[in-house]
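Asker: Handing you this structure, nothing more for now.
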Amino acid sequence: MKKLLILMLICCVISTACAATGKSSRTKDTDVQAQTQSEDANQVVSEDLERYRIAAVEGDKTAAFQLGLIYHTGKSVKQDYAEAYKWFRRAATYAHPRAYYWLGLMYEQGQGVEADAQASAKWFAKAADKGYARVKASLGYEVKKLKEYRTAADKGEADAQFHLGLMYHDGVGVEQDFAEAAKWLRKAATQGQANAQYYLGLIYLYDDKLSQHGEAEQWLLRAADLGSAPAQHLLGTIYYGRSGADDDLGDVFKWMYKAVEQNYVPAQFDLGSWLEVGLGGIVDNDEALRLLRQAALQDHVPAQLRLGFKYRWGAGVKESDAEALKWYRRAADQGDADAQCWLGRMYQGGLGVGSDITEALKWYRKSALQGWAEAQLALGEIYFLGLDVKQDYAEAVKWFRQGAENGDSEAQLYLSQCYRDGLGVAKDLEEAYFWLKIADATFSAWAELEELATKLSPAQRAKVDQRVEKWLEDKR
């Protein structure tokens, strides 16, 4: 479990560091295909897709972004712009700059969403605000400088060598080539260029063909000594991953606090999270709270969510629904679906605020429209049971169906019940049996299944079994 956590944390470091330089711009229709090809979707699709899906659901913005690329390109999966949009949107809620950019493209081209020039401009602007300069060949900025960089790099100019290496690293105006990237980054790194040292360390850590962990650590140490906060943070996570000895634990604190002192938000969040649950046997709730608050005040969504959770349940702090509401609202206002769903719960239950079903529905809908299954289930239950609204089975079915399609077992059970009893939808025992079997993959429903099975012929059951097998396979 610890190794998985470290992998997810390191992935977040990479994506955060990728937003470190320059300025961003818009693309035109003819550039979309070229940019798609320049993104490194192949690296992920060769792995177990489900592993990345799980990581994305648990909050790994890099995994969510890569899933968006996979579904957008249609490599090794059926191309699905709506699914791509869902994962890009999830990554964007965790402030992933490239996800902002791709959402801008999708709104511009009407891919997976209705074309919307205003929304497109908003996402491109957010990418620019995050300093996302390396936006591939379609933006022209770096590509126009390719010849200039190459000429200067050949003359030994370290900054030009760094930029040229970065272009090969990201496939900007050239075919992506980590070996060529490493060559130019090494030339710059040996001249003391800290950013080059950092990216060279990343390549040696993560490229399968060039993987040399000892070499990677040496370059990261050199970058960290020169004051690179991303390198300091990454070293901290590396030492955390092997913190079986006191020396390693000392290095964790040393490098994480160096990054924290530079106000590096990912380091504030990670160190705060570790101290909250225990780092080398050290639990420090006061310091954890201080660090998480620092990150949250800089609009770091995961930190805001963590604070909302801490205050809601009194985890290391005095329980306060009003304080939880405040942090959930800040994350929700940034578009985070999880926080929006929590805000809906707070308004529905009158937690930290007066009970307000209208406000609850508003936030549940915002979350549900982003594909958040828990919010879809909540909306379905409100209309199914008539909780402070007029009972509306048809509306309930609409939301249960969306939650069911997104894998929520409770929504699947509700949808099965609606088909079984003809509530809000025409009675259909085959469909009821189908959704009950889907739910049974994660939620035991043997008694109900046996009862429904007696009402279907062997041919009907076999037909449903084939549909279930295909549905589960498509979701893998």
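Readers should treat all values here as calculations from the given coordinates under stated rules, not as data from a laboratory. Note that the structure is a prediction, hence the values are computed from the model and not measured. With ideal geometry, Cβ positions are generated from the backbone for all residues, glycine too; neighbour counts draw on all protein chains shown.
Asker: If you take the C-alpha gyration tensor of segment 145-299, multiply each eigenvalue by 5 and take the square root, what semi-axes do you get, largest first, in whole Å?
Answerer: In descending order the semi-axes read 33, 16, 13 Å.
Asker: Also: In nm, give the distance between the simple-model label positions of Asn285 and Asp392, each being 7 Å from the Cα along the Cα-to-Cβ direction.
Answerer: A separation of 4.3 nm, rounded to one decimal place.
Asker: Could you tell me, in Å, what Rg and Dmax come out for the Cα atoms of segment 389-476?
Answerer: When restricted to the Cα atoms of segment 389-476, Rg and Dmax are 12.6, 41 Å.
Asker: Let me ask you something else. Could you work out how far the C-alpha centroid of segment 427-476 sits from that of segment 232-281, in angstrom?
Answerer: That distance is 48 Å.
Asker: Taking segment 262-354 as the region of interest, what is the percent of Cα-Cα pairs per 5 angstrom bin, listed from the shortest bin to the one with the maximum distance?
Answerer: Percent of pairs per bin, in order: 3, 16, 25, 23, 18, 10, 4, 1, 0.
Asker: Which of the residue pairs Lys86/Lys398; Lys326/Lys398; Lys427/Lys455; Lys366/Lys390; Lys86/Lys463 have a Cα-Cα distance greater than 23 Å in the structure shown?
Answerer: On the way: Lys86/Lys398 18 Å; Lys326/Lys398 31 Å; Lys427/Lys455 13 Å; Lys366/Lys390 20 Å; Lys86/Lys463 30 Å.
Long pairs (Cα-Cα over 23 Å): Lys326/Lys398; Lys86/Lys463.
Asker: Moving on to the next point. If r is the Cβ-Cβ distance from Ser320 to Lys122 and R0 is 30 Å, what FRET efficiency results, to the nearest 0.05?
Answerer: FRET efficiency, Ser320 to Lys122: 0.35.
Asker: Okay, next question. Give me Ser416, Ser273 ranked fewest to most by other Cβ atoms within 10 Å of their Cβ, as a rough exposure proxy. Provide the component values of the computation, followed by the final result.
Answerer: Details: Ser416 27, Ser273 19.
Ordered by Cβ neighbours within 10 Å, fewest first: Ser273, Ser416.
Asker: Arrange the peptides 250-258, 371-379 so that the one whose residues have, on average, the most other Cβ atoms within 10 Å appears first.
Answerer: Result, highest mean Cβ count within 10 Å first: 371-379, 250-258.
Asker: Based on the Cβ-Cβ distance from Leu423 to Val113, what FRET efficiency comes out when R0 is 30 Å, to the nearest 0.05?
Answerer: Calculated value: 0.45.
Asker: Output needed: percent of Cα pairs per 5 Å distance bin for segment 245-309, bins running from 0 to the one holding the longest distance.
Answerer: Bins of 5 Å from zero give 4, 20, 29, 26, 14, 5, 2 percent of pairs.
Asker: Oh, and also: Cα-based count: Lys pairs in segment 145-299 below 16 Å, eight or more positions apart or different chains?
Answerer: Lysine pairs, 8 or more places apart or on different chains, close enough: 5.
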